[in-house]
Amino acid sequence: MKFRHLVRILLLLALPLSFATRGGASSLQGKVVEVLDGESIVLLSLNRPLKIKLIGVAAPANDQPYVDLAKPHLSSLVFGKYVTVRYTSLRADGYLVGQVILNDMDVGEQMIRDGIAWYDKVEGTNLSEQSREEYLGCEQAARNEVRGLWQDPAPVAPWEFRRQQAASRNMVSSRQPIRSRSSRGPGGSLNSDDLYRSLISTGALANGRGPLNDSSDSGWKTLAPKGGKFSILVPGDALDYGATIPTANGKTADVNYCIGRRGNNSYLVIWAKGPNDGTTDDQVSDDTANGLVFNMDRSLKETGSRLFLEVKRQKSLRLGAYAGWQYSVSAPGKPGTIRVLSRRVGQEREVYVIGVLNAGEDDPQVQQFLNSFTIGNN
């Protein structure tokens, strides 16, 4: 995999939720200073601009009918106003995903009710059961009243439109989709590229870059960030990135990650530090593993896959002062392993994640990777 084609790799992290109050979304307030499109805004909060994606809202994509109406309509609702954002996750391209509340109005719900956007049920799984029912009811009401985009006799949802556009770009000279040349068989099995795509920014890959090439074996290198207190072997062409993200009560968490591929195996390392807010080692471990797999499943679904990754606890882990769990992450014929370790330090928590997709723990390369992880306790 040639990483020069990936300007930015941002993982779909569950870690912000581990640092937030357990049992619900985190909240922040600010002023809407820009409307980017029909489903996303820029919020100025704590003197920092944050990109916000309205959860469960899918506005028409570029080149679709009614796309020119979505941004002005959202702008008329929120631009220049102070709102509350109840966010639940950090998206691949750096957007916080959550509900935007203006006074007593759920802005996303209103966009759907006005017939300006679809309800995205996949993204909406992070909503409460009541909110999911309300969003679905708003879409049905807009459809029944033939509002906005529902005036079209056969409207195409934006995720389906993008899938069709991608399929069109990926036609080979034989006029067969590229997927027909992959290892995905009649049962919908996954190949290594599918799994790798689920780990890296889907936005970067969707811009007409074509299929991933096989990785050249560039060996291993040691990842030992300054001040990171740990070291581990990673693929020689892996790159690491970092970001500071907001959490509950105006706090922040520092999240860093490294991703690379060697042969058919995809390797992931995450190290992060943020407020603890009462969570235990087991809670952080489960939240992180389940959140990562949930978001990888979402990315896989966008490729047209009918299969989902399954996560299961395998064994408890302890490395010095750090405790956590090892999880199996797999789809039929495609094993994987994730290890999550964390510890509380005062009012903060340190979290480490190391994972491999497309190979089991008995693979010699995987053993070398997992066993190379060392960490100090100071």
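The values are calculated or read from the model by the stated rules, or taken from the named source; none is laboratory data. Keep in mind the model is a prediction, meaning the values are calculated, not measured. Virtual Cβ from ideal backbone geometry, glycine too; neighbours counted across all protein chains shown. Only protein heavy atoms, including side chains, enter the accessible area calculation; ligands, DNA and RNA are left aside. Shrake-Rupley method; radii C 1.70, N 1.55, O 1.52, S 1.80 Å.
Key figures for this structure:
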| item | result |
| --- | --- |
| Residue among R163, R132 that alone is at pLDDT below 85, part of a helix (DSSP H, G or I) and open to solvent by 60 Å² or more (accessible area, probe 1.4 Å) | R163 |
| Pairs, first on the phi > 0 side of the Ramachandran plot and touching a residue at least 24 places away in the same chain (Cβ under 8 Å) in region 343-362, second of a type in the set (A, V, I, L, M) and surrounded by 15 or more Cβ atoms within 10 Å (Cβ to Cβ), C-beta under 7 Å, six or more apart | N358/L195 |
| Answer from G56, G30, G38 - the residue that is touching a His at 6+ places or on another chain (Cβ under 8 Å) and either modelled with pLDDT of 90 or more or over 24 Å from V122 (Cβ atoms) (or both) | G38 |
| Selection from region 64-85 of residues that are under 25 Å from the mean Cα position of the chain (by Cα) and open to solvent by 80 Å² or more (accessible area, probe 1.4 Å) | K71 |
| Condition met for E139 (loosely packed, with under 13 Cβ neighbours inside 10 Å, at pLDDT 90 or above and not small (G, A, S)) | no |
| Subset of region 50-62 [in contact with a strand residue (DSSP E or B) (Cβ under 6 Å, 6 or more places away or on another chain), assigned to a strand (DSSP E or B) and more than 12 Å from G94 (Cα to Cα)] | L54, A58 |
| Positions within region 316-334 being open to solvent by 40 Å² or more (accessible area, probe 1.4 Å), modelled with pLDDT under 90 and in contact with a helix residue (DSSP H, G or I) (Cβ under 9 Å, 6 or more places away or on another chain), in sequence order | K334 |
| Residue in region 367-376 that is at pLDDT 90 or above, open to solvent by 60 Å² or more (accessible area, probe 1.4 Å) and part of a strand (DSSP E or B) present | yes |
| Region 330-354: number of residues that are in contact with a Pro (Cβ under 8 Å, 6 or more places away or on another chain) and either closer than 16 Å to N290 by Cβ or not charged (D, E, K, R) (or both) | 1 |
| Selection from region 119-129 of residues that are touching a residue at least 24 places away in the same chain (Cβ under 8 Å) and open to solvent by 80 Å² or more (accessible area, probe 1.4 Å) | K121 |
